[in-house]
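Here's the structure we're looking at; comments come further down.
The values are calculated or read from the model by the stated rules, or taken from the named source; none is laboratory data. Because the structure is predicted, anything quoted here is derived from the model rather than measured. As a convention, Cβ positions derive from the backbone with ideal geometry for all residues, glycine included, and neighbour counts pool all protein chains shown. Just the protein is used for accessible areas: all its heavy atoms, side chains included, with ligands, DNA and RNA removed. Shrake-Rupley method; radii C 1.70, N 1.55, O 1.52, S 1.80 Å.
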Amino acid sequence: QVQLVESGGGLVQAGGSLRLSCAASGTIFSINSLAWYRQAPGKQRELVARITSANSTKYADSVKGRFTISRDNAKNTLYLQMNSLKPEDTAVYSCAAYHNGAATWGQGTQVSVSS
């Protein structure tokens with residue numbers, strides 16, 4: 001079993017920054033890759049960024065150059081550094097862990113960007 005808890009969301013003005021954290025616990029040795037997703041009201045959930053166990057990363061085109069995904073294995077924590085935030089980044093952000101062919105999700109954290 002893997003458990004994930006996100007933190008770091010909030011309200012920020014356009015152009016500002018936030019850093020999201022996702023703390024993992026449980027059978028974390030089984031995790032292959034980690035990802036951040038977001039879902040805005042009335043829209044489908046979309047992949048924001050993904051990082052593998054080899055630290056290979058992938059980003060949505062809409063966040064390239066502004067967001068950075070990273071992981072601290074010693075702290076069992078996943079991060080998403082978000083810079084130059086835009087109102088269209090407003091969404092609930094959730095982290096996901098892929099392990100043994102399954103995915104575990106956190107509860108999500110709200111990010112709101114005002115214009």
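Things to note:
- Those residues of the range 77-115 which are assigned to a loop (DSSP other than H, G, I, E, B), on the phi < 0 side of the Ramachandran plot and more than 16 Å from the chain's Cα centre (by Cα), in sequence order: 86, 115
- Any pair with Cβ under 6 angstrom, 6 or more apart, that starts in the range 47-71 at a residue that is in contact (Cβ under 8 Å) with a residue 40 or more places away in the chain and ends at one that is aliphatic (A, V, I, L, M) and open to solvent by less than 50 Å² (accessible area, probe 1.4 Å): 48/60; 48/63
- Complete set of residues in the range 11-27 that are in contact (Cβ under 8 Å) with a residue 60 or more places away in the chain and more than 16 Å from residue 101 (Cβ to Cβ): 11, 12, 13, 14, 15, 16, 17, 18, 19, 20, 22, 24
- Within the range 51-80, the set of residues being among the β-branched types (Val, Ile, Thr), out of contact with any Asp or Glu (no Cβ under 8 Å at 6 or more places or on another chain) and within 29 Å of residue 15 (Cβ to Cβ) comprises 51, 57, 68, 69, 77.
- Check on residue 101, open to solvent by 80 Å² or more (accessible area, probe 1.4 Å) and either closer than 19 Å to residue 27 by Cβ or in contact with an Asp or Glu (Cβ under 9 Å, 6 or more places away or on another chain) (or both): yes
- Residue that is most open to solvent (accessible area, probe 1.4 Å) [pool: residues in the range 25-65 that are under 22 Å from residue 84 (Cα atoms) and small (Gly, Ala, Ser)]: 65
- Residue in the range 8-15 that is surrounded by fewer than 15 Cβ atoms within 10 Å (Cβ to Cβ), in contact with a Pro (Cβ under 8 Å, 6 or more places away or on another chain) and hydrophobic (A, V, I, L, M, F, W, C) present: yes
- Residue in the range 92-100 that is among the hydrophobic types (A, V, I, L, M, F, W, C) and closer than 15 Å to residue 112 by Cα present: yes
- The numbered conditions (1) in a strand (DSSP E or B); (2) open to solvent by 50 Å² or more (accessible area, probe 1.4 Å); (3) at pLDDT below 95 are all true for residue 19 except (3).
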